[in-house]
Amino acid sequence: MTTPPPPLRGFAEVNGARLHYELQGDGFPVVFLHGGLLDLRMWEGQMGAFSRHFTTLRYDQRGFGQTQAPLGQPHAPHEDLLALLDRFSMDRAHVIGHSLGGRVALDFALAFPERVSCLVLVAPGIQGAPPSPEEFSWYTRLLGTGREKDPQALIEAWLGSDYLAATMAQPSVAARVRQWTVENLPGLNPGAHPARFLEPVAYGRLEELLMPVLVVVGDRDNPVMLKNAEVLAQRVAALTRVTLPGVGHMPSLERPEDFNRSVLDFLLGHPTPAP
């Protein structure tokens, strides 16, 4: 098997923003959507394996990484993804989304199902899911203490949460996640880049997902993420679920080889037309 060519990096003018992207490989398109307080760098451990089979596209969403967008401008993240696929003449793609990126991937698959071949949700959020205090307990513990506006307190609360216990137990991974969190903390401000998610919300429409869906979670993730995986398994017809033992909220970083194997087996098991 030949070595993939080096990645193409740049900025794409999309819906009033300049989205920072990286394109690599050859074949059917696969798009990677990063989680909150992260950016496209979270997928570094996937690029080599996936670009041997697919054209991989990863990008920084608004408020994160190197993407440039006007402050205070409302936007629909799933429409940014649509415009980016159009920019690269990708009529259909496999879509992989982690956490916040899972919310965007779900919205995109519901709004534009004809553009999604397979959907992969990694520790996903679900827009419109019933609220649970466990989901944001890492933040609500700061409320009323005067520390909720202290950047360092926010960073330490997130990195010390049950989401990231397994991640932060791996020193080499922990160092990268801490760096990315510090650099992407401004994206936590909802007023900076207000997002308009799909209406009606995804939680009430999960039965509409008819494409093959893979859900990947770690058994040491926050309980709400595990519940989301269970809800999807109950309500989505063509769903495969993979639970990685000893893994927290970031399977692709904590156990990249197992993650890559699980996702590639799933995608390669669903033949796609030549691009």
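Once you reduce segment 120-163 and segment 212-251 to the center of their Cα atoms, the two points are 19 Å from each other. Rolling a 1.4 Å probe across the protein heavy atoms gives the chain an accessible surface of 43 Å² per residue.
Rounded to the nearest 20 debye, the dipole size of the chain about its Cα centre is 200 debye, using +1 on the Cβ of Lys and Arg and -1 on the Cβ of Asp and Glu.
Length gain on complete extension for the stretch ARG147 to GLU183, per 0.36 nm per residue less the alpha carbon to alpha carbon distance?
Taking 0.36 nm per residue and subtracting the Cα distance, the gain is 11.1 nm.
For trypsin sites (Lys or Arg not before Pro), the sites in segment 136-177 that DSSP calls loop and that have at most 10 other Cβ atoms within 10 Å are LYS149.
In units of the compact-protein estimate 2.2 N^0.38 Å, segment 172-275 shows a Cα radius of gyration of 1.28. Modelled spin-label separation between ALA175 and ALA238, with each label point placed 7 Å from Cα along the Cα-to-Cβ direction: 4.4 nm. Relative to the compact-globule estimate of 2.2 N^0.38 Å, the Cα radius of gyration of the chain comes out at 0.95. Amide H to amide H, with H built 1.01 Å from N, GLY25 comes under 5 Å of THR56, counting only residues 5 or more places away or on other chains.
Of the accessible area of segment 141-267, computed with a 1.4 Å probe over protein heavy atoms only, carbon and sulfur atoms account for 55 percent. Helix 223-235 and the long axis of the chain differ in direction by around 40°, with both axes built from C-alpha atoms. Within the chain, DSSP assigns beta bridges of which about 35% are antiparallel (rounded to the nearest 5). Placing unit charges on the Cβ atoms of the charged side chains and taking the dipole of the chain about its Cα centre, the candidate lying farthest along the positive direction among GLY144, SER117, ALA238 is GLY144.
Does anything in segment 97-115 have its amide N under 17 Å from the 7 Å Cα→Cβ label point of ARG196, and if so which residues? Only 104, 107-108, 111-112 pass the distance filter. Sites listed here are GluC sites (Glu not before Pro) in segment 89-174 whose DSSP assignment is loop and whose Cβ has at most 15 other Cβ atoms within 10 Å: GLU134, GLU148.
Packing, as the average of other Cβ atoms within 10 Å across residues, places the peptides 242-248, 95-101 in the order 95-101, 242-248, highest first.
I'd like the carbon and sulfur percentage of the solvent accessible area for segment 1-42, probe radius 1.4 Å, heavy atoms only, ligands and nucleic acids excluded. The nonpolar share, carbon plus sulfur, comes to 54 percent. Secondary structure note: in segment 1-76, about 70% of the DSSP beta bridges are antiparallel.
With θ taken as phi - 60° and the Karplus curve 6.51 cos²θ - 1.76 cosθ + 1.60 applied, the whole-hertz 3J(HN,Hα) list for segment 169-177 is 7, 9, x, 5, 6, 4, 4, 5, 5 Hz, x standing for glycine and proline. Placing a pseudo-label 7 Å from each Cα along the Cα-to-Cβ vector at THR140 and ARG52 gives an inter-label distance of 4.6 nm. Relative to the longest principal axis of the Cα atoms of the chain, helix 256-268 runs at roughly 40 degrees.
The values are calculated or read from the model by the stated rules, or taken from the named source; none is laboratory data. In this text, all values refer to a predicted model and were calculated from it rather than measured experimentally. Neighbour counts are summed over all protein chains in view; Cβ atoms, including those assigned to glycine, are modelled from backbone coordinates with ideal geometry. In case anyone asks, the SASA skips ligands and DNA or RNA and just uses the protein heavy atoms, side chains included. Shrake-Rupley method; radii C 1.70, N 1.55, O 1.52, S 1.80 Å.
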